[in-house]
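**Student:** Below is the structure I would like to discuss, written out as structure tokens.
The values are calculated or read from the model by the stated rules, or taken from the named source; none is laboratory data. Just so it is clear, the structure is predicted and the values come from calculations on it, not from any experiment. Ideal geometry is used to build each Cβ from the backbone, glycine not excepted, and the neighbour counts take in all protein chains shown. For accessibility, only protein heavy atoms count, side chains too; no ligands or nucleic acids. Shrake-Rupley method; radii C 1.70, N 1.55, O 1.52, S 1.80 Å.
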Amino acid sequence: MEGLAIIDASTRVLCLIGKPVRHSLSPVMHNAAIRALNLNFVYVAFEVEPQDLGKAVEGIRSLGIGGANVTMPHKIEVVKYLDEVSEDARKIGAVNTIVNEGGTLKGYNTDGVGALKSLEMFTDVDGKKVVLLGAGGAARAIAYTLSGRVSELAILNRTEEKAVNLARNLANNGSTVRGMRLSVRNLENELRDADILINATSVGMESNESLVPEHLLRPGLVVFDIVYRPLHTKLLRDAMKAGCTTIDGLWMLVLQGAESFKLWTGHYPDIRIMRNAALKALGVEENEGEG
Ligand code: NAP
């Protein structure tokens with residue numbers, strides 16, 4: 001394989017555990033960053049069945065695997081097998097990163113900070129009004145990270161109760177947070193004076209669907225879709241046509257990955273190298289991936 005560092009008896013292993021993992025972009029992204037820094041690490045993907053999760057985590061400990069990413073469907077369940085969990089991950093209720101510190105397994109969640117840094121590459125978030133679609137795992141991480149920074153956060157979800165509960169849990173964080181049902185009428189009302197729209201649902205993933213009617217998109221609105229397959233979802237294409245600033249989900253994937261990489265290796269990786277490796281694996285030309 002092109003440019004692969006020599007694997008020897010000192011090579012430290014990093015891994016992804018999830019199911020499915022075969023289409024994951026994390027191995028190419030992290031191995032590109034490892035090569036660029038000339039570190040003696042390698043990143044591999046393990047497909048782990050839910051009933052084997054406890055044994056897989058014990059394997060990380062007993063084999064001295066340096067760290068791991070955790071993806072669907074294990075992000076919540078994995079918490080009970082860890083020795084320590086960061087305050088962010090505890091509040092979010094999910095772990096996407098494990099660090100093995102001499103046999104002590106610590107859980108972190110880098111999804112929220114990855115999303116925040118993606119937004120900050122394109123816009124200021126402080127004092128802004130954000131409309132967040134979704135109340136699942138990724139939306140929870142984003143809502144937790146943004147609350148306290150933005151002035152107003154409106155959470156719209158298909159299952160209203162989940163949006164209302166999430167908003168309730170974030171009360172007293174310094175922002176006005178409201179949860180409500182995802183409907184065209186609520187979207188219309190909330191988007192009228194919004195600065196940023198984030199899609200944190202799975203709608204648009206490998207489909208040509210969008211939850212947001214085109215006429216609600218306008219110049220001045222920043223539209224961030226965390227879905228990255230396809231890179232330019234229907235929501236992002238509609239937003240580009242309407243003159244919005246757009247941010248694709250690959251930024252979040254790269255920036256949450258970069259935070260995990262720093263936790264494992266102590267080095268902050270080159271995010272351009274990670275993004276280009278992921279774009280190549282997605283089959284997207286670099287200039288198509290801009291913006
Ligand atoms: P999840 O916990 O399963 O949550 C899914 C969310 O999507 C829920 O809010 C769900 O609403 C909503 N939803 C699903 N189908 C819908 C529909 N037909 N209409 C309206 N809402 C619908 O999943 P997740 O982990 O949060 O992931 C969500 C998406 O983000 C996935 O596509 C994932 O690949 C992507 N993601 C990207 C990154 C990144 O780094 N870019 C990181 C994490 C996740 P209900 O509550 O009503 O079911």
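**Student:** From the list 106, 91, exactly one residue is within 25 Å of residue 264 (Cα to Cα), away from the ligand (no atom under 13 Å from the Cβ) and within 17 Å of the chain's Cα centre (by Cα). Which is it?
**Tutor:** 91
**Student:** For residue 24, indicate whether it is touching a residue at least 40 places away in the same chain (Cβ under 8 Å) and in a loop (DSSP other than H, G, I, E, B).
**Tutor:** Yes, satisfied.
**Student:** Report whether or not residue 31 is modelled with pLDDT of 95 or more and either open to solvent by 70 Å² or more (accessible area, probe 1.4 Å) or outside any helix (DSSP H, G or I) (or both).
**Tutor:** no
**Student:** Would you check which residues across region 234-245 are within 16 Å of the ligand (Cβ to nearest atom) and surrounded by fewer than 24 Cβ atoms within 10 Å (Cβ to Cβ) and list them?
**Tutor:** 234
**Student:** Still on this structure, please answer the following. Taking the options 253, 221, 231, 263, name whichever one is within 11 Å of the ligand (Cβ to nearest atom) and surrounded by fewer than 22 Cβ atoms within 10 Å (Cβ to Cβ).
**Tutor:** Result of the check over 253, 221, 231, 263: 231.
**Student:** With respect to residue 164, is the statement that it is assigned by TED's automatic domain parsing to the domain that holds residue 211 and more than 14 Å from residue 196 (Cα to Cα) true?
**Tutor:** Here the answer is yes, as residue 164 does meet what is asked.
**Student:** Under 7 Å by Cβ, and 6 or more places apart or on different chains, what pairs join a residue from region 52-80 that is within 21 Å of residue 102 (Cβ to Cβ) with one that is aliphatic (A, V, I, L, M) and open to solvent by 30 Å² or more (accessible area, probe 1.4 Å)?
**Tutor:** Going by the 7 Å Cβ cut-off, the qualifying pairs are 65/13; 66/13; 67/263; 79/85.
**Student:** Please tell me if residue 98 is modelled with pLDDT under 95 and either out of contact with any Lys or Arg (no Cβ under 9 Å at 6 or more places or on another chain) or within 17 Å of residue 257 (Cβ to Cβ) (or both).
**Tutor:** No.
**Student:** Continuing with the same structure: Answer with yes or no whether residue 285 is within 15 Å of the ligand (Cβ to nearest atom) and among the acidic types (Asp, Glu).
**Tutor:** No: the conditions fail for residue 285.
**Student:** Tell me, yes or no, whether region 113-128 has at least one residue that is open to solvent by less than 20 Å² (accessible area, probe 1.4 Å), away from the ligand (no atom under 16 Å from the Cβ), in the same structural domain as residue 151 (by TED's automatic domain parsing) and assigned to a loop (DSSP other than H, G, I, E, B).
**Tutor:** Yes, because at least one residue in region 113-128 is open to solvent by less than 20 Å² (accessible area, probe 1.4 Å), away from the ligand (no atom under 16 Å from the Cβ), in the same structural domain as residue 151 (by TED's automatic domain parsing) and assigned to a loop (DSSP other than H, G, I, E, B).
**Student:** Residues 163, 154, 135: which one is in a helix (DSSP H, G or I), modelled with pLDDT of 95 or more and open to solvent by less than 40 Å² (accessible area, probe 1.4 Å)?
**Tutor:** Residue meeting the stated conditions: 163.
**Student:** Follow-up question, since we're still on this one. When region 204-225 is examined, which residues are found to be assigned to a loop (DSSP other than H, G, I, E, B) and of a type in the set (A, V, I, L, M, F, W, C)?
**Tutor:** Matches in region 204-225: 205, 211, 212, 217, 221.
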